[in-house]
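Student: Okay, here's the structure, questions in a sec.
The values are calculated or read from the model by the stated rules, or taken from the named source; none is laboratory data. Predicted model, so just to flag it, every value in this text is computed and none were measured. Positions of Cβ are generated from backbone atoms using ideal geometry, with glycine treated the same way; all protein chains shown enter the neighbour counts. Ligands, DNA and RNA are excluded from the accessible area calculation, which covers all protein heavy atoms including side chains. Shrake-Rupley method; radii C 1.70, N 1.55, O 1.52, S 1.80 Å.
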Amino acid sequence: MVRLHVKRGDESQFLLEVAGSARLADLAPLVARIYNGRLKVQRLCSEMEELAEHGVFLPYNMQGLTDEQIEELKLKDEWAEKCVPSGGSVFKKDEIGRRNGHAPNEKMQQVIKKTIEEAKALISRKQVQANVCVNMEMVKDALDQLRGAVMIVYPMGLPPHDPVRMEFEDKEDLSGTHKGQGAPGREPLISHEDQKQMMLYYYRKQEELKKLEEDDDDSFLNAEWADNHALKRQFHGVKDIKWGPR
């Protein structure tokens, strides 16, 4: 078995243990599935934190509107009565206007928040420091834990437009997020200290050149060697001719 250290740029992501005979053609898709699975867990945790704080997602045509605008337009959230958290709700207005403000009670909030912490720990970058390898089973375990917590708090389910439900059903909208970053960067060929010394050296050289340029003037133009016609006058024997009265 060999252990791979997966990075994004210089930032560690996770360790992966694979057979030494594993082919690159099989390895690359596996790394991508684990990496994307970790991103899904992170997105879910972020949205579930909002779910615990402010309740379910509002219909798109009601998001960002004031209560007066909603009343004026005669809009109604048909899912508000269907998706009531277990044990009832407590009102906590979402200032951003994405969620309906009917949050789970304190006990149910803790169910969600504790599960979020456990799921994050499974796929955390800190696993690299702890020398723990991450695999697809761990990613699935984190997703199952999150799904279970939502089912406990919302046994009737979530609205179909809620990002949490969309993530679980693989219908999430990722437009404008997690754009490609190109090929991963190579490991630096020189150490950080060597690189710092090189930069310092070139900085000093630039300062020296700048100083020379500042000290430079046109006085050399009066020197004999700078006269483009001096050699020609020497051949014609008129090198030292001077004009004007003596």
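Student: Out of the residues in the range 91-113 meeting the condition of being within 30 Å of residue 15 (Cα to Cα) and among the hydrophobic types (A, V, I, L, M, F, W, C), tell me which one is least open to solvent (accessible area, probe 1.4 Å). Quick ask: steps written out before the conclusion?
Tutor: Just the residues of the range 91-113 that are within 30 Å of residue 15 (Cα to Cα), to begin with: 111-113.
Add one more test, that the residue is among the hydrophobic types (A, V, I, L, M, F, W, C), and what stays is 111-112.
On the way: 111: 39, 112: 0 Å².
By that ranking, first place goes to 112.
Student: Could you tell me whether any residue of the range 16-28 is under 18 Å from residue 109 (Cα atoms), out of contact with any Gly (no Cβ under 7 Å at 6 or more places or on another chain) and not basic (Lys, Arg)?
Tutor: No, that holds for no residue.
Results for (1) in contact with a strand residue (DSSP E or B) (Cβ under 6 Å, 6 or more places away or on another chain); (2) among the hydroxyl-bearing types (Ser, Thr, Tyr); (3) farther than 30 Å from residue 2 by Cα, shown as yes or no for each residue.
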position: 92; (1), (2), (3): yes, no, yes
position: 100; (1), (2), (3): no, no, yes
position: 105; (1), (2), (3): yes, no, yes
position: 108; (1), (2), (3): no, no, yes
position: 112; (1), (2), (3): no, no, yes
position: 125; (1), (2), (3): yes, no, no
position: 132; (1), (2), (3): no, no, no
position: 144; (1), (2), (3): no, no, no
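Student: Scan the range 149-177 for residues that are in contact with a strand residue (DSSP E or B) (Cβ under 6 Å, 6 or more places away or on another chain) and not in a loop (DSSP other than H, G, I, E, B) and jot them down.
Tutor: Result: 153, single match.
Student: Here's another thing I want to ask about it. If residue 139 satisfies every condition in (1) touching a helix residue (DSSP H, G or I) at 6+ places or on another chain (Cβ under 9 Å); (2) at pLDDT below 95; (3) among the aliphatic types (A, V, I, L, M) but one, which is the exception?
Tutor: That leaves (2) as the condition not met.
Student: Evaluate the following for residue 146: is it more than 22 Å from the chain's Cα centre (by Cα), among the aliphatic types (A, V, I, L, M), assigned to a loop (DSSP other than H, G, I, E, B) and modelled with pLDDT of 95 or more? Step through it out loud before you land on a result.
Tutor: Details: more than 22 Å from the chain's Cα centre (by Cα): yes; among the aliphatic types (A, V, I, L, M): yes; assigned to a loop (DSSP other than H, G, I, E, B): no; modelled with pLDDT of 95 or more: yes.
Considered against the rule, which asks whether it is more than 22 Å from the chain's Cα centre (by Cα), among the aliphatic types (A, V, I, L, M), assigned to a loop (DSSP other than H, G, I, E, B) and modelled with pLDDT of 95 or more, residue 146 comes out as no.
Student: Please count how many residues of the range 1-48 are part of a strand (DSSP E or B) and open to solvent by 60 Å² or more (accessible area, probe 1.4 Å). Full working, then the answer.
Tutor: Of the residues in the range 1-48, the ones part of a strand (DSSP E or B) are 2-8, 11-18.
Checking the rest, the ones that are also open to solvent by 60 Å² or more (accessible area, probe 1.4 Å) come to 2-3, 5, 7-8, 11, 17.
Number satisfying all stated conditions: 7.
Student: Answer with yes or no whether residue 51 is surrounded by 13 or more Cβ atoms within 10 Å (Cβ to Cβ), free of Cβ contacts under 8 Å to residues at least 24 places away in the same chain and either of a type in the set (A, V, I, L, M) or outside any loop (DSSP other than H, G, I, E, B) (or both).
Tutor: Here the answer is no, as residue 51 does not meet what is asked.
Student: Residue under question is residue 87, and the condition is that it be within 31 Å of the chain's Cα centre (by Cα) and either assigned to a loop (DSSP other than H, G, I, E, B) or surrounded by 18 or more Cβ atoms within 10 Å (Cβ to Cβ) (or both); does it hold? Spell out how you get there, then give the answer.
Tutor: Numbers: within 31 Å of the chain's Cα centre (by Cα): no; either assigned to a loop (DSSP other than H, G, I, E, B) or surrounded by 18 or more Cβ atoms within 10 Å (Cβ to Cβ) (or both): yes.
No, not satisfied.
Student: I've got another one for you. Scan the range 58-67 and give yes if some residue there is surrounded by fewer than 16 Cβ atoms within 10 Å (Cβ to Cβ), closer than 25 Å to residue 174 by Cβ and of a type in the set (Gly, Ala, Ser), otherwise no.
Tutor: yes
Student: Do you know which residues across the range 114-140 are open to solvent by 70 Å² or more (accessible area, probe 1.4 Å), within 21 Å of residue 51 (Cα to Cα) and free of Cβ contacts under 8 Å to residues at least 60 places away in the same chain?
Tutor: 114, 117, 118
Student: Please determine whether any residue of the range 176-193 is over 19 Å from residue 53 (Cβ atoms), modelled with pLDDT of 95 or more and surrounded by fewer than 16 Cβ atoms within 10 Å (Cβ to Cβ).
Tutor: Applying the first criterion (over 19 Å from residue 53 (Cβ atoms)) to the range 176-193 yields 176-193.
Narrowing further to those that are modelled with pLDDT of 95 or more: none.
No, every residue in the range 176-193 fails to be over 19 Å from residue 53 (Cβ atoms), modelled with pLDDT of 95 or more and surrounded by fewer than 16 Cβ atoms within 10 Å (Cβ to Cβ).
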